[in-house]
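A.B. asks: Below is one structure. I have some questions about it.
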Amino acid sequence: MTWHEKSIPETVGFFKTDIRHGLSEAEVKNRRSVYGTNELRTKKKDGFLRHFLAQFQDFMILVLLCAALVSFLTSYLNGETDFLDPIMILCIVVFNAILGVVQENRAERSLEALQKLSAPTARVRRADKICTIPASEIVPGDILILSSGDRIPADCRLFSASGLMTDESSLTGESTGVSKCADILIPADVPLAERQNLCFASTMVIGGKAEAITISTGMQTEVGRIADMILTADAKETPLQKKLSEIGKNLGILALFICAIIFCIGLSRGSEPFEMFLTAVSLAVAAIPEGLPAIVTVMLSIGVQRMVQHNAIIRNLPSVETLGCASVICSDKTGTLTQNKMTVTTVTGTDSDLTLRLATLCCDAEERAKNPTETAILERAKESGIEKKLLDTHHPRHSELPFDSHRKRMTTVHRWNTGFRSITKGAPDVLLEHSRFYLQNNTVLPLDADIRRKILAENEQMTNEALRVIGVAYIDHSAPSPCEDGLIFVGLIGMKDPPRPEVAAAVHTCKRAGITPVMITGDHANTAAAIARQVGILSRTKKILTGAELENLPQSELEQKIRDYAVFARVTPEHKVRIVKAWQKQGAIVAMTGDGVNDAPALRCADIGCSMGKGGCDVAKSASDMVLTDDNFATIVEAVRQGRGIFANIKKAIRFLLSSNIGEILTILFGLLFGWQTPLLAIQLLWVNLVTDSLPAIALGLDPPDRYLMQEAPRPVKKGIFSDGLWLSILLEGGIIGTLSLLAFSLGHRLFDYSATPYIGRTMAFCVLSLSQLVHAFNMRSEHSVFSVGFFSNPYLVGAFLLCTILQVGVVSFPPLASLFRVVPLNAMQWLIVALLSAAPLVLIELQKLLSARRDRTN
């Protein structure tokens, strides 16, 4: 129901309450049974077991589990007790599942933060007594007693208010305090920020006092609606998650297909079914990069650590990569693009110092109080050498008429010489109606029509510059009572919430990087437009759309026109979600920044939500993927650069791992087609995939971002990770590794094995497969020659190469390990052949890069 358009008697009648005596305890108990407690609903938490089991739904993991089951059954049915292969596979799967459990439920955290926002206690009138009760016990119809400093515990309709002002910036985006009035009716379709006869749960009283009728509690409040949107919002998969899921599924299908073909070929050649089962398991293990999920997680963690150094805390690991392909940044204005601090920029009048002195005397707030308008005046006064305490000592306040949104002015009476002076500040047009004179060069002159028009024109010009304008006037009199007629107009004071100094440069960098910055705010259109132009978001080719206009715009039409708008003003939380979804419908990857409660649903809905660490509320932080610890919009730009660099490094690692796996598949496949015994065993393939592949892949993740990254357009969301011929490169490189491994097996078996079982051939193939991949990791660092970027410029990769080489040699040379991995020690000649074959990928790929560079120069 639209309570802001209902009168006080209508509201009282609907809730059957008594504004003088309040509800009886019996009625409170009855209503609590109907409406429930004044608390936010929470989503049921999944236990550890449910989270753990959910990790086994991945197609790639299911194929591995099938491989482990086949290996176990074939060994068991043949009376063997060697279950090492299935045990190793199960250990890998469980390890990956434990890593997956660390994903946290952001909706739960958002709701926990919303519950903390709820006022712990509240003052109410019940049974003709004013008492303090837990906020959770409030019911619709309760009479709330509000005063300065209170956090409002429920949505309510005012029936009595004296100078009441509330801070609604976290809910509506309104950057200044909102004046409230009980005795007015508001049209039904006005935005939330303009419902002056209502107060809302989770907002703060920053001045005055009031009494109100509770109209909504718990999930029915405005903040409850936000909580419901967070509860029902679906967690989005990042582009990287989608691509990795697609890779795993395709590789799993490929493995099953090849296994089926090989099994049929083997049976047609008269091979033993048991032997073919083992070969199929080996091939499945070879085809699937078991360590890929863990490696990507580790690489993302490394990226998170780097981002912390740049004042960005990542709460959701895959979101690091999402930043790299962000094409739109939807930013809240208040506290994100601006400082969320009113600052006086203009003081007019022939004696601007007098204007400031009189306004200072007419302020209730102390220097650091929560009334932003008066705080701004006092801070400007202090900068000008004016001390409020000294002024109050010389001209003590005798009485006052508090600010009221109906009167749009405030008056204080001070002792002045032998009489009194009434000082009035408020809306300039209202003050001019009550003024008969104006002050010019310390001379009081009649205020004629021309001077009145000049002052109003000056006020309009300041308003168009997004300034909040306050007029100052006074009158001297002998009686101690306030006087607001026949005033002497002194001057105007203009103030605004200024942009952060670094934002304009950050916006410019975003545009250069192909990222569209968009402002979404609950503030007025003029204010939003002025700030947007100042920081470079609003250009001549872009438009502004207000919440009222958006309300009448169908979602389908918004999706078609979304690129026409750069600023959305006077919007609600629901509008913000609609805007984010419209951009996403156009194929954009949307980053949403904000710091208020009103930003939380959009932060949750966006592909990546960025909240502010200093000025942001807990709700926004909990709903976001990234927290900016310095509240600096420019930090987002650096986070995007890091995100792009991390994705480039992950792409290197995936290319490295898949080319290695292709080499393993070709080794097993062609070994069988050639009629050889299996060149590699399942446990050997697991060792290569998890040890000698994993460490170099992680080291590739430590390559620094390319310096040209922020001069490139964002990656299109539909652009596959294997675009630009990457699959061809992977197949070529995998073919080289597979050929070298088969060559090592053939040479070892033919030249050195003296039995039917290829112990030496298999050992040499195992070593060449492992060591050639270690060498191949250096090829991944750049599309140009590795020597041009510095062969040793990534010390982590060099360290990984040395460590994995030592481990590989140790597996072959240390008898207990050699027995476990079913290999034999090699002599000097055999190691020399292994070394030469293992170095071949570097030589061959360097030649290929050289030919490509020459071809590009020719073209």
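A.B. asks: Within 10 Å, count the other beta carbons around each residue, average over each peptide in 30-38, 418-426, and list them highest first.
C.D. replies: 418-426, 30-38
A.B. asks: Sort the following peptides by mean Cβ neighbour count (other Cβ atoms within 10 Å, averaged over residues), highest first: 398-404, 9-15, 814-820.
C.D. replies: 398-404, 9-15, 814-820
A.B. asks: Could I ask something else about it? Counting only heavy atoms of the protein chains, get the accessible area per residue of the stretch 712-854 (1.4 Å probe) and round it to a whole Å² value.
C.D. replies: Roughly 48 Å² per residue, with all protein chains present.
A.B. asks: Another one. Is the C-alpha gyration tensor of the stretch 709-859 telling us rounded, prolate or oblate? Criteria: a/c under 1.5 is rounded; beyond that, a/b larger than b/c is prolate, otherwise oblate.
C.D. replies: Prolate, because a/c is 1.5 or more and a/b exceeds b/c.
A.B. asks: I'd like the carbon and sulfur percentage of the solvent accessible area for the stretch 335-414, probe radius 1.4 Å, heavy atoms only, ligands and nucleic acids excluded.
C.D. replies: 49
A.B. asks: Can you tell me how the stretch 649-702 classifies by the Cα gyration tensor, rounded, prolate or oblate, using a/c under 1.5 as the rounded cut?
C.D. replies: Oblate, because a/c is 1.5 or more while a/b does not exceed b/c.
A.B. asks: While we're here: Which cross-chain or sequence-distant (5 or more) residues have an amide H under 5 Å from the amide H of Ser399, H modelled 1.01 Å from N in plane?
C.D. replies: Counting only residues 5 or more places away or on other chains, the set is Val413.
A.B. asks: Which order do the peptides 214-220, 756-762, 657-663 take when ranked by the mean count of other beta-carbon atoms within 10 Å per residue, highest first?
C.D. replies: Ranking, from highest mean packing down: 657-663, 214-220, 756-762.
A.B. asks: Another question, if that's okay. At a 1.4 Å probe, what is the % contribution of carbon and sulfur to the accessible area of the stretch 730-859?
C.D. replies: Here it works out to 71 percent.
A.B. asks: Could you derive backbone 3J(HN,Hα) for the stretch 330-342 from the dihedral phi with the Karplus parameters 6.51, -1.76 and 1.60 (θ = phi - 60°), listing whole Hz in sequence and x where the residue is Gly or Pro?
C.D. replies: After applying 6.51 cos²θ - 1.76 cosθ + 1.60, I find 8, 10, 5, 7, 5, x, 10, 7, 10, 8, 6, 8, 5 Hz.
A.B. asks: While we're on this one: Using amide H atoms built in the peptide plane, which far-off residues or other-chain residues are under 5 Å from Ala566 H to H?
C.D. replies: HN-HN under 5 Å from Ala566: Lys543.
A.B. asks: What pairs in Lys209/Lys425; Lys333/Lys388; Lys425/Lys454; Lys576/Lys719; Lys408/Lys543; Lys333/Lys425 have C-alpha atoms more than 23 Å from each other?
C.D. replies: Cα-Cα > 23 Å for Lys333/Lys388; Lys576/Lys719; Lys408/Lys543; Lys333/Lys425; rest within.
A.B. asks: For the stretch 361-431, what is the accessible area per residue in Å² when the probe is 1.4 Å?
C.D. replies: 50
A.B. asks: 5 Å is the cut-off here: which amide hydrogens, built 1.01 Å from N in the peptide plane, fall below it relative to Leu447, excluding neighbours closer than 5 in sequence?
C.D. replies: Correct list: Phe437, Tyr438.
The values are calculated or read from the model by the stated rules, or taken from the named source; none is laboratory data. Keep in mind that this is a model prediction, so the values were computed, not measured. Methodologically, a virtual Cβ is constructed for each residue, glycine included, from the backbone with ideal geometry; neighbour enumeration extends over all protein chains shown. Keep in mind that these areas ignore ligands, DNA and RNA; they rest on the heavy atoms of the full protein, side chains included. Shrake-Rupley method; radii C 1.70, N 1.55, O 1.52, S 1.80 Å.
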